[in-house]
Each structure stands twice: as structure tokens, then as C-alpha cells.
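A.B. asks: Handing you a structure now.
Here, each number is a calculation from the coordinates, and none is a lab measurement. None of the values given here were measured: they were computed from a predicted structure. Cβ atoms come from the backbone with ideal geometry, glycine included; neighbour counts cover every protein chain shown.
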Amino acid sequence: MLANILQALSLIGVVFALYFSSLQTRRLQKQIHLSNLYSRYEALHHANERYDAGLAMMFERPDLRPYIFERKKVDLTGDDLNRALIVADQMAGAVDHALRVGDRFPDDRHGDWTSVAQEMGRTPLFRMIVSEKPLDFPDLSKFFPN
């Protein structure tokens, strides 16, 4: 009889240990999910900062705006062309980074940078910088016609 009581207590102990272990596993899953989400947002924040740095450079040269946002044909030369390409490089790098993060850490509830990449693929200035350095923009270059 004492053996039966001990076996019942052992069984209750095992059940309790398994229940506690499952609670810990669920909490660990939540913690990992939150950590991944935080890392995603941190990386996207970095991409936003890089994109904003490109916009700040454009603020100093508003004459470059049509080449960046209005798909104006690139008719610049010399230093003007170099400045425009630097701005495009900065912004394209930010979008490439954001696409890479979004691909590796997808989040269906929030938008991604696909529409920005598609617009860049139609813009002559961005087409110029990506065709010049395709290996620098592996994720973004997928949105550019060959």
C-alpha cells in the first residue's frame, strides 16, 4: 500500500514537472519571438536612418529631387552626376538592407520595402547605380529589369 502511495506521488510529481516544463517552454518561445521582433525593428530602424541620410543629402541639393522621385532621365555630368549617384547609392543601400531584413525576418502584419524597391527599379538614377555596382545591392537588384 505504501508503495502504491509513493508511486502515485511520483506520478503527480512527474506530471507537475512536465506541466512546469511546458510553461517554461512557452515563455521561452515568447521571449525568442520578442527578441527576433526587436532585432528586426532595430535593423529596419537602421535602414530608415540610412534612407533619411540620403534624403538629408538631397535636402542640400533639391535640384536632385526629380532624378530621385520623378524618374527624370539622368542628364547630369561631372560633380552633379557624382553627387546624385552618392545620394542614390545611400538610399539604394538602405532599401537593399531593409529588403534583406524583411526577407530573413518576415512580418506579415507590417508592410515591407517592396514598393520602394519597385519604384527604384523604374527610376533611371537608381538603375544607373545598381547596374554600376550590382553586387552591392543583391536584394534590391531583383527589382531591376536586365
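A.B. asks: Suppose we take every Cα in the range 8-62 and form the convex hull; what volume per residue is that in Å³?
C.D. replies: Working: hull volume 1.8 nm³, N = 55.
About 33 Å³ per residue, rounded to a whole number.
A.B. asks: Run down the lysines and flag those whose C-alpha is under 27 Å from the C-alpha of residue 133, throwing out any fewer than 8 positions away in its chain.
C.D. replies: 72, 73, 142
A.B. asks: Hey, another quick one. Which of 88, 51, 64 sits closest to the plus end of the dipole of the range 13-93, meaning its Cα is farthest towards the positive end, when Lys and Arg get +1 and Asp and Glu get -1 on the C-beta?
C.D. replies: So the residue furthest toward the plus end is 51.
A.B. asks: List the residue ranges in the chain for DSSP H helices whose C-alpha atoms run 24 angstrom or more along the long axis and whose Kyte-Doolittle average is -0.5 or above. Display every interim value, and only then the final one.
C.D. replies: Working: long enough: 2-60 (86 Å, 0.13); 78-104 (39 Å, -0.11).
Length and hydropathy pass: 2-60, 78-104.
A.B. asks: What's the FRET efficiency of residue 31 with residue 53 using the Cβ-Cβ distance as r and R₀ = 35 Å, to the nearest 0.05? Let's see the in-between values first.
C.D. replies: On the way: r = 33 Å, r/R0 = 0.94.
The pair residue 31/residue 53 has a calculated efficiency of 0.60.
A.B. asks: Another one. Taking every alpha carbon pair in the range 39-143, what does the distance histogram look like in 5 angstrom bins from 0, in percent?
C.D. replies: Bins of 5 Å from zero give 2, 14, 24, 25, 18, 10, 5, 2, 0 percent of pairs.
A.B. asks: So, with +1 on the Cβ of K and R and -1 on the Cβ of D and E, and no other charges, what is the size of the charge dipole of the chain about its Cα centre, to the nearest 20 debye?
C.D. replies: On the way: 18 positive and 19 negative charges, 121 e Å.
It comes to approximately 580 debye.
A.B. asks: Per-residue ellipticity at 222 nm for the chain, helices alone: DSSP H runs ≥ 4 residues times -39500 (n - 2.57), over residue total, nearest 500 deg cm²/dmol? Before the final figure, lay out the partial values.
C.D. replies: Values: 5 runs with 108 residues, N = 146.
Rounded to the nearest 500, it is -25500 deg cm²/dmol.
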